[in-house]
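Undergrad: Sending over a structure as structure tokens; questions will come in a sec.
The values are calculated or read from the model by the stated rules, or taken from the named source; none is laboratory data. Since the model is a prediction, treat every value here as computed from it, not as a measurement. Please note: Cβ atoms are built from the backbone with ideal geometry, for glycine as well, and neighbour counts cover all protein chains shown. Note: areas computed on protein heavy atoms with side chains; ligands, DNA, RNA excluded. Shrake-Rupley method; radii C 1.70, N 1.55, O 1.52, S 1.80 Å.
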Amino acid sequence: MALYLTEADVDRVFDMDAALYAVESSLLHQANGNAINQPRQRLNSGPDTHVNTMMASDNEWGVFGFKTYTFAGGIYNFFVFLSDSRTGELLAIIEANRMGQLRTGAATGISTKFMANPETSSVGVIGSGFQARTQLEAVGRVRELQRVKVYSPNAERRSAYALEMSDRLDLDVTPVGSAREAVDGVGIVVTITSSRTPVLLGEWLEPGMHIAAAGGADPYVSELDFGVVERADLTVVDDRNQSRIESGELMMPASQGLLIWEQTRELWQVVSGQVAGRSACEDVTLFKSLGMALWDVTSAKVAYHRAVDQGVGLSIP
């Protein structure tokens, strides 16, 4: 019988440490040639109504599956279907909003682990919404942070974020009045917004910065101006095929000859050591995250086994 896990179940058995493990493992499995990711497919079924599906297979862990998420009536619903790749047996159906939040943050954490300067202890976050919380949490797992600044246009929301994350991570998170102030003097920059226009400019960047751009998955949306892409000494994506159809940050400068796709690298290449995360302390490194089905499948695998071990979830025929 398969196991059904609710959001509350996921919250009990899956945390940031598990997400970091799942994401990093999936990237190593890619490097070994034992994991396959398929770019997201989208279906618009009516005004403000759409269905998205993402599929992947992790043969090293013996699972495959897909995530489907819908938007209708102003509400998102996320589910991951996990199957045994040896038998085809359905293992689990998992409500996946919380799990997606964690694995998205974990990807930024993994990029920071392998691409940011080792001594970096300061972060600037642009964005203070649902996804911004696990972004900072993940970075805090891979770096010992001393200084964090956050900016978003709504002063009340950024102050609430600063208070919450200061308490959660036991460090001082300071709300600031502009995006430029948020990135001034920091070593790691995270952009995680719903903005359709750039929130980070290349002229603000300083030598040695690592940028994780995790908001926006739309060819007509860009959190970064062209200057950020031009300043980057290394540009890394999660999935190049997906980036070529979804990442406005990279598609738009590429269309003007400012980015050569073949010179971008995928995160698995960096994690496996095939490509250096940086060649010098002064390098500016950029990771553009869109979200991969492979991360969902490996996260589901970890959550499923923890749930079985702990007796969590509902068995379904």
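Undergrad: Can you tell me which condition L28 does not meet? The list is (1) surrounded by fewer than 20 Cβ atoms within 10 Å (Cβ to Cβ); (2) part of a strand (DSSP E or B), and all the others hold.
TA: Evaluating L28 over (1) surrounded by fewer than 20 Cβ atoms within 10 Å (Cβ to Cβ); (2) part of a strand (DSSP E or B) leaves (2) as the failure.
Undergrad: As an exercise: evaluate V150 against (1) buried (at least 21 other Cβ atoms within 10 Å of the Cβ); (2) of a type outside the set (D, E, K, R); (3) under 25 Å from S26 (Cβ atoms) and give the number of the one condition it does not meet.
TA: Of everything listed in (1) buried (at least 21 other Cβ atoms within 10 Å of the Cβ); (2) of a type outside the set (D, E, K, R); (3) under 25 Å from S26 (Cβ atoms), V150 misses just condition (3).
Undergrad: Could you check the range 8-25 and list, in sequence order, the residues that are under 18 Å from T104 (Cβ atoms), surrounded by fewer than 20 Cβ atoms within 10 Å (Cβ to Cβ) and among the charged types (D, E, K, R)?
TA: D11, D15, D17
Undergrad: Still on this structure: Among the residues that make up the range 230-240, is at least one of them in contact with a helix residue (DSSP H, G or I) (Cβ under 7 Å, 6 or more places away or on another chain) and among the hydrophobic types (A, V, I, L, M, F, W, C)?
TA: Checked the range 230-240: at least one residue is in contact with a helix residue (DSSP H, G or I) (Cβ under 7 Å, 6 or more places away or on another chain) and among the hydrophobic types (A, V, I, L, M, F, W, C).
Undergrad: Please determine whether any residue of the range 289-303 is more than 17 Å from the chain's Cα centre (by Cα) and without any contact (Cβ under 8 Å) to a residue 40 or more places away in the chain.
TA: no
Undergrad: On to the next question. Which residues, counting only those in the range 262-317, are of a type in the set (D, E, K, R), over 30 Å from G202 (Cα atoms) and in contact with a strand residue (DSSP E or B) (Cβ under 7 Å, 6 or more places away or on another chain)? Spell out how you get there, then give the answer.
TA: Step one: filter the range 262-317 for residues of a type in the set (D, E, K, R), giving 262, 265-266, 278, 282-283, 288, 296, 301, 306, 309.
So of that shortlist, the ones also over 30 Å from G202 (Cα atoms) come out as 296, 301, 306, 309.
Residues satisfying the conditions are D296, K301.
Undergrad: Give me the pairs: first residue in the range 4-33 and in contact (Cβ under 8 Å) with a residue 24 or more places away in the chain, second residue of a type in the set (F, W, Y) and open to solvent by less than 20 Å² (accessible area, probe 1.4 Å), beta-carbon distance under 7 Å, and six or more apart or on different chains, which are they?
TA: Note: pairs meeting the criteria are A22/W295; V23/W295; S26/W295.
Undergrad: Name the single residue, out of those in the range 179-217 being on the phi > 0 side of the Ramachandran plot and modelled with pLDDT of 95 or more, that is most open to solvent (accessible area, probe 1.4 Å).
TA: Filtering the range 179-217 for residues on the phi > 0 side of the Ramachandran plot gives 185, 208, 216.
Those still in the list that are modelled with pLDDT of 95 or more too: 185, 208.
Working: G185: 37, G208: 6 Å².
Applying the filter and picking the extreme gives G185.
Undergrad: Exactly one of (1) surrounded by fewer than 20 Cβ atoms within 10 Å (Cβ to Cβ); (2) in contact (Cβ under 8 Å) with a residue 24 or more places away in the chain; (3) over 16 Å from N37 (Cα atoms) is unmet by V270. Its number?
TA: (1)
Undergrad: Follow-up. Limited to the range 279-291, what total is found for residues that are open to solvent by less than 40 Å² (accessible area, probe 1.4 Å) and in contact with a Leu (Cβ under 9 Å, 6 or more places away or on another chain)?
TA: 7
Undergrad: Continuing with the same structure: Filter the range 39-52 down to the residues that are open to solvent by 70 Å² or more (accessible area, probe 1.4 Å) and of a type outside the set (D, E, K, R), then identify the one that is modelled with the lowest pLDDT.
TA: If we filter the range 39-52 for residues that are open to solvent by 70 Å² or more (accessible area, probe 1.4 Å), which is where we start, we get 41-45, 47-48.
The next check asks that each one be of a type outside the set (D, E, K, R); those that pass are 41, 43-45, 47.
On the way: Q41: 96, L43: 95, N44: 91, S45: 87, P47: 90.
Restricting to residues being open to solvent by 70 Å² or more (accessible area, probe 1.4 Å) and of a type outside the set (D, E, K, R), the top hit is S45.
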